[in-house]
1. Given a 1.4 Å probe and every protein chain left where it sits, what share in percent of the accessible area of the chain is carbon and sulfur?
2. Work from the charge dipole of the chain (Cβ charges, +1 for Lys and Arg, -1 for Asp and Glu, about the Cα centre) and give the residue of Ala223, Ile171, Leu117 farthest towards its positive end.
3. Could you state the angle between the C-alpha long axis of helix 110-119 and the longest principal axis of the C-alpha atoms of the chain, as a value from 0 to 90 degrees rounded to the nearest 10?
4. Any idea what the relative contact order of region 5-47 is, in percent, if you count C-alpha pairs under 8 Å spaced at least 6 apart?
5. Mind checking which of Gln150, Gln178, Gln215 has the largest fluctuation in a GNM of the chain, springs on alpha carbons under 10 Å?
6. Any idea which of Val131, Pro68, Ile161 is furthest toward the positive side of the dipole for the chain, if Lys and Arg beta-carbons carry +1 and Asp and Glu beta-carbons -1?
7. Go through Lys123/Lys143; Lys52/Lys191; Lys40/Lys118 and tell me which ones have a Cα-Cα distance over 21 Å in this structure.
8. Of the trypsin sites (Lys or Arg not before Pro) in region 52-160, which ones lie in a loop per DSSP and count no more than 13 other C-beta atoms within 10 Å?
Amino acid sequence: NGGILGYDLQPGIKWPTGAGIRVNAGVVTGGGFLYLDTDKGEYFGALELSFKNLFDLKAVGILNTIMPDGSKGFSMLIIITAEFSPVQLGFGFTLIGVGGLLGINRRAEVEALRVGLKTNAIKSILFPEDVVGNIHRIISDIKQIFPIQQDSFLIGLMGKIGWGTPTLISIELGIILQLPDPKIIILGVVKLALPTEETALVKIQVNFLGAIGFQNHFLYFEAVLFDSQ
């Protein structure tokens with residue numbers, strides 16, 4: 001009614017919904033990204049830093065302040081991994097990475113993990129690659145695999161082991177404990193590349209999932225081939 005061209009326009013500020021940074025400091029390179037959605041109460045981000053000749057650090061996290069039913073609350077999940085120069089373990093095996101997972105008011109959805117075996121979505125959890133560039137896909141996978149649930153907690157440990165020099169076979173393994181409804185989730189990715197990963201003529205990847213539910217008294221295991229030739 002009236003105003004400018006028939007509209008009552010009011011000036012305002014459109015705040016940023018995301019921020020990114022790139023670091024190139026010689027010894028330290030990498031970057032990070034942060035996304036903000038105050039209307040939905042959802043915030044997530046990723047960080048990837050490479051410390052020259054030492055290790056690569058990656059972190060992905062999501063935080064919610066509005067629950068699925070619209071009520072106020074709190075939910076968080078964070079994944080942190082570090083990969084470094086191979087540490088000899090003996091018999092040709094090396095330790096090349098470690099990581100951890102922490103979830104507050106989050107649970108593990110076994111059916112979503114089963115689908116993730118075939119789509120490789122479990123790689124969004126086990127040592128994810130290019131976390132800044134793939135942040136939206138990783139967060140989408142995390143929200144499906146670890147949905148919000150009040151008073152449910154997750155804690156996990158990860159390890160990455162290789163065999164051979166250079167690495168011919170790599171094993172990524174994660175063990176996640178859900179509480180107070182006790183459930184153990186075992187995730188894994190086994191990769192074989194010959195003669196090398198960059199010039200592989202033979203490539204085999206096996207994704208596997210194991211679940212132990214103490215309350216429902218069930219044991220489950222499944223393994224599938226992915227992107228193998």
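The values are calculated or read from the model by the stated rules, or taken from the named source; none is laboratory data. Note that this is a predicted model, so its numbers are computed, not measured. Cβ coordinates were reconstructed from backbone atoms using ideal geometry, including for glycine residues, and neighbour counts include every protein chain displayed. Side chains included, ligands, DNA and RNA excluded: accessible areas come from the protein's heavy atoms. Shrake-Rupley method; radii C 1.70, N 1.55, O 1.52, S 1.80 Å.
1. The computed percentage sits at 64.
2. Value: Ile171.
3. 70 degrees
4. Normalised by residue count, the contact order of region 5-47 is 28 percent.
5. Looking only at Gln150, Gln178, Gln215, the largest GNM fluctuation is found for Gln215.
6. The one lying farthest along the dipole's positive direction is Ile161.
7. Violating the 21 Å Cα-Cα cut-off are Lys52/Lys191; Lys40/Lys118.
8. Loop-located and lightly packed - Lys52.
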